[in-house]
Amino acid sequence: MTSTIEAPEANPIGFGRMKRKEDPRFVRGQGNYVDDLQLPGMLYGAVLRSTLPHARIVSIDTSAAEAHPKVKAVITGKTLETLNLAWIPSLSHDVLAVLATDKVRFQGQEVAFVVAEDRYSARDALELIEVEYEPLDPVIDAKQAILPGATVIRDDIAGKTDNHIFDWEAGDKAATDAVFAAAEVVVTQDMLYPRVHPAPMETCGAVADMNKVTGKLTIWCTTQAPHAHRTLYALVAGLPEHQIRVVSPDIGGGFGNKVGIYPGYVCSVVGSILTGKPVKWMEDRSENLMSTSFARDYHMHGEIAATREGKITGLRVRVLADHGAFNNTAQPTKFPAGFFHIFTGSYDLQAAHCAVTGVYTNKAPGGVAYACSFRVTEAVYLVERMVDCLAGELGMDPAELRMKNLLRKEQFPYTCKTGWVYDSGDYPRALELAMEIAGYDELRREQAEKRKRGELMGIGISFFTETVGAGPKKHMDILGLGMADGAEVRVHPTGKAVVRLSVQTQGQGHETTFAQIVAEQLGIPPLDIDVVHGDTDNTPFGLGTYGSRSTPVSGAAVAVAAQRVRDKARIVASAMLEVSPDDLEWEKGRFFVKGDPSASKTIQEIALGAHGTVELPEGVEGHLDADCVYDPPNLTFPFGAYICVVDVDRGTGVVKVRRFIAVDDCGPRINPMIVDGQIHGGLADGVGMALMEVIAFDKEGNCLGGSFMDYLLPTSLECPSWELGMTVTPSPHHPIGVKGIGESATVGSPPAVVNAVLDAIGVRHADMPLTPAQVWRAMQGTPLRTDLAIE
Amino acid sequence: MQVTMTVNGNEVTATIEPRLLLVHFIRDHLLLRGTHWGCDTSNCGTCVLWMDGEPVKSCTVLAAMANGREIRTVEDLERGGVLDPVQQGFIEEHGLQCGFCTPGMMMTARWLLDHNPDPSEEEIREAISGQICRCTGYKNIVSAIRWAAEHPSTTEVNA
């Protein structure tokens, strides 16, 4: 094979490729994940879960479990009712059962919690709990659930007589209807973005330790948002916030799965309070897949209007959004469908309108969702599929149709038809570059030749506009908490530094990237900068890492704090050099006197001076530190152009992704190696969702994706060797211009893969996942509905 | 029941429940936390370690089945303060993000290189195809293993 190995580079002082600071512990097996934690006297928890999707609880008999010699406590909903914790607020203005008291509403719902001396005994004791259920009709199909007369799932809500959650719309309906009425061409397509799961390799879990002497509760937890968790524990459980410490240690992948508060966490806390011992709870894989935050489950009806020449004029979409048994979508926007109204995508339209209806079903609640930036994934899939459907209708090349309609550079900042203000972009350049890397014209020629021979080759394109960096308080909060993030930068006397973050890493490499942000501002080598994160006792407040918000929000906070340190360093340097601050010039790592570069002080000398005996001007305090709370004025809008090339076996429907070209623009790249890694991972996600992943249900409400034998994830064999390209368009409103990259590829890649497969087989639409069976059925003209098991 | 096995060169004897999984014995009893647990069903490979020189998924091996066997885990890759080239390769080529699948991936990679010192991309992809990584999209894992193949001794880069 061709070697891509380059000589090791020196560590940059600032932005640039550098090896990750966190890697030495991971490659030695010395990571510190939640399940690695062992505390003296620690007990183990296990959750008893409902076997039925919908049933009334007649009785729960825990006596045999309690009699088990190694069991220390058995907790049921009744126990929690005494603490007012049987139900907790969801993150979407609903309530969520911690342990079921009245009914179970999805298969896998939490019913009881056992605390025992060891893992295996806790599981044994679950078998000893007798639950008598009165089965009720399961409501599995969102389309049936919304109909009048459907069995009511949420009869816990006073006066509830249906399964309706919300109706929400955005855009100008009248203007859109007018555009459609006048349109020369209208294409309509129904499509499902099926329920998928983040499935991080580490499942969710916690260790709770209530110290009865000090009254301090420490929770080590698989959380992407430790500060938000702490505040919610304080608000919901009435625990004093200063007596709660939430620690998010090394996290084995999050992808949105670890944003919310799960019943197991709450039960671990209660278990520790009841027993006086630390309690560890780690869910198994089936529990993770069946009960924790899923993603998507959007039934979409799209319409696109255009002229015969291929100028897109309007988009209209209706969505039925399946939110499962509790509306626990952990998204911070004030819009029930998150950022879905960015479905106008990357195109210059006259009008657009969407209407989304949320519905309860007897499925697991959710979902923040899986690297989706709050429904952007669904929105991008919708528009990119509709554009391909239109291209088919017009007989136009999908690249040409996109190029004709993409927003132009001079239109930015651009206010889209549903109100978002896109910050910056050069869209045609990104698509041109992707086509250049792909050798687009040559691929089309090859495809034509193969078609003559009866071989199925497909080329799929997607162009996406992401919206990340949540977010401005006007549009976003979590239970009233605004989304500003804090950061603190402190330079020690010897010129080494520490930066404390409100966000934390689940693998994104914060310990390296954030050191580089400080290094770029102060000229201190990244290896001399300690990055502290994931511990509420040691970091400033902020709402955590999800929705690609770490670099856009916390990265800005860190950059501004470091700039403030530099401003102070200027004053200290001026005192040391006995010149006016205005006479100093900054060169990365030192201040020097204008016109006399030899008269200078390095940042390390300044740090020592700031802690020393230098006479500082009146009103200037010593030491060298600063903080910042960054309140983002707008979101950031990364974008990209993706091209996927597939070969499909006509006889079996098996899809082979031959090539995948991804051109991303996330603004300046702090560490290009890490950025590429983020993109690679998202592309694999996209291939997985497009071809393999789905959590379907049978008509009895049984979850059919409850293990990795059923919920298929892409391996090294399904993934091609990704081909990346980039353009760089800084965000004009961000202190260092960066836009975020964590989810771009997950958002952008599924439609490229689907468009490629459908291009290969010459079918206008078939729902994901495009398994061999689904592709084969699509070729016969009878694609399946993928969210339900067929008879 | 009592089991005796060699773990990373040290003989270990313990009294265990017959049903105890090897992954839990390694993690909870021997406190070797580099071997992870991810799925229950032998699908994810975060629990891969060596038994008698062959990679196995320790979530579906009973500790009792390891009686009299030789076990090697990720903690034994580094020798004399020098990282195995596979470990160094994962660092050099950004072959890991969250680090959870990494130990299992590296144990398979070491086995591959011991049996095929100059594997092609296809051979590497085949070798790690029984393991799942959710972060990297595999490309950099392939590069990391190629790096290790091209740097059979890491003494210099690791110095």
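The values are calculated or read from the model by the stated rules, or taken from the named source; none is laboratory data. No experiment lies behind these values; they were computed from the predicted model shown. Neighbour counts are summed over all protein chains in view; Cβ atoms, including those assigned to glycine, are modelled from backbone coordinates with ideal geometry. Protein only, heavy atoms only, side chains kept; ligands, DNA and RNA dropped before computing areas. Shrake-Rupley method; radii C 1.70, N 1.55, O 1.52, S 1.80 Å.
The table for this structure:
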quantity: Local net charge near A:Glu488, Cβ-Cβ under 14 Å (Lys/Arg +1, Asp/Glu -1); calculated: -2
quantity: Ranked order, A:Glu511, A:Glu718 - accessible area, probe 1.4 Å, largest first; calculated: A:Glu718, A:Glu511
quantity: Neighbouring partner chain Cβ atoms per residue of A:718-725, average, 10 Å criterion; calculated: 3
quantity: Other protein chain Cβ atoms within 10 Å, averaged over every residue that makes up B:99-107; calculated: 6
quantity: Distance (nanometres) between label positions extended 7 Å along Cα→Cβ at B:Glu17 and A:Arg764; calculated: 5.8
quantity: Accessible area in the full protein assembly, largest first, 1.4 Å probe, for A:Ile60, A:Ile661; calculated: A:Ile60, A:Ile661
quantity: Leading residue at positive end of dipole, chain A (Cβ point charges), from A:Thr602, A:Cys416, A:Thr176; calculated: A:Thr176
quantity: DSSP beta bridge pairing in chain A, given as percent antiparallel to the nearest 5; calculated: 80
quantity: Inter-label distance, nm, simple model (7 Å from Cα along the C-beta direction), A:Arg564/A:His164; calculated: 4.9
quantity: Sum of side-chain charges, A:Gln447 neighbourhood, beta-carbon under 13 Å (Lys, Arg +1; Asp, Glu -1); calculated: 0
quantity: Unit charges on C-beta of K, R, D, E only; dipole of the range B:85-150, Debye; calculated: 320
quantity: Peptides B:131-143, B:111-123, A:289-301, A:323-335 ordered by average Cβ neighbours within 10 Å, highest first; calculated: B:131-143, A:289-301, A:323-335, B:111-123
quantity: Difference of contour (0.36 nm per residue) and Cα-Cα distance, A:Asp530 to A:Val629; calculated: 33.7 nm
quantity: Rounded, prolate or oblate (a/c below 1.5 giving rounded, otherwise prolate when a/b exceeds b/c) for the range B:65-107 by Cα gyration tensor; calculated: oblate
quantity: Long-range amide H partners of A:Arg658 with built H, under 5 Å; calculated: A:Val645, A:Val646, A:Asp647
quantity: Centre separation in Å (Cα based) which lies between the range B:110-150 and the range A:683-707; calculated: 27
quantity: Highest to lowest packing among A:25-36, A:480-491, A:195-206, scored as the average C-beta count within 10 Å; calculated: A:195-206, A:480-491, A:25-36
quantity: For the range A:227-254 versus the range A:285-356, the gap between their alpha-carbon centres in whole angstrom; calculated: 31
quantity: Tensor-based shape of the range A:653-790 (alpha-carbon gyration tensor, a/c under 1.5 rounded, otherwise prolate or oblate); calculated: prolate
quantity: Interface B:A - total buried accessible surface [probe 1.4 Å, Å², rounded to 100]; calculated: 5000
quantity: Mean Cβ neighbour count within 10 Å, used as a protection proxy, ranking B:36-45, A:185-194 highest first; calculated: B:36-45, A:185-194
quantity: Cα gyration tensor shape of the protein assembly as shown, rounded if a/c is under 1.5, else prolate or oblate by comparing a/b with b/c; calculated: rounded
quantity: Shielding score for A:704-714, defined as the mean number of other chain Cβ atoms within 10 Å; calculated: 3
quantity: Potential extension, A:Glu700-A:Arg308 segment - 0.36 nm per residue separation minus Cα distance; calculated: 136.4 nm
quantity: Set of the range A:754-775 residues, backbone N closer than 13 Å to the point 7 Å along the Cα-Cβ line of A:Lys450; calculated: A:756-762
quantity: Net dipole in debye of the range A:419-536 [+1 Lys, Arg Cβ; -1 Asp, Glu Cβ; about Cα centre; nearest 20]; calculated: 340
quantity: Rounded FRET efficiency, nearest 0.05, which uses the C-beta distance separating A:Gln144 from A:Val213 and R0 of 60 Å; calculated: 0.65
quantity: Accessible area of chain A divided out per residue, in Å², using a probe of 1.4 angstrom; calculated: 33
quantity: Label-point separation in nm, B:Glu123 to B:Met65, each point 7 Å along Cα→Cβ; calculated: 2.8
quantity: Computed E for A:Arg56/B:Val82 - FRET, C-beta separation, R0 56 angstrom, nearest 0.05; calculated: 0.35
